[in-house]
Amino acid sequence: MKKFLMIASSLALLASLAACKKAAEAPKPAETATAGSMANMPMAQETKRGTGEGKIVSLNAETGAISIEHGPITGLGWPGMTMGFMAKPDLLKGLAKGDKVSFAIVWDGKTGTVTKIEKSGS
């Protein structure tokens, strides 16, 4: 009797599943990046440090803005160019347009900040 009930139950189960005719769901594709996802957020750049020598093209000691025509920047792999940086206004005291300087900067991938600057003899 147990065998008969087991076989009957199995057949009833198979018949029920066949009657549903429900197709198996295909897996959903991975969702693409949306405005709220981290995929669209800018990732922090690695902070790099470098040193160089150059000539002050312009500076505003009140705001800390300084533009330097510099040679290659060691540590960053930059060629010589003229570029604007920011600095603490106190660092720029005593400096003027045309001064030759040696300086150190921190680069965050977008902005360069002068961390040390002094007049140089060359």
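Values in this text are rule-based calculations from the coordinates and carry no lab data. A quick note: this is a predicted structure, and the numbers were derived from the prediction, not measured. Every residue, glycine among them, receives a Cβ derived from its backbone with ideal geometry; neighbour counts consider all protein chains shown.
Brief remarks follow.
- Amide H within-cut-off set for Gly112, under 5 Å, with H built and near neighbours excluded: Met86
- As computed over the stretch 48-119, the Cα convex hull volume per residue (Å³): 69 Å³
- Percent RCO, i.e. relative contact order, over the stretch 48-119, from Cα pairs under 8 Å lying at least 6 residues apart: 35 percent
- Label-point separation in nm, Lys48 to Lys110, each point 7 Å along Cα→Cβ: 1.8 nm
- Potential extension, Val57-Ser102 segment - 0.36 nm per residue separation minus Cα distance: 14.8 nm
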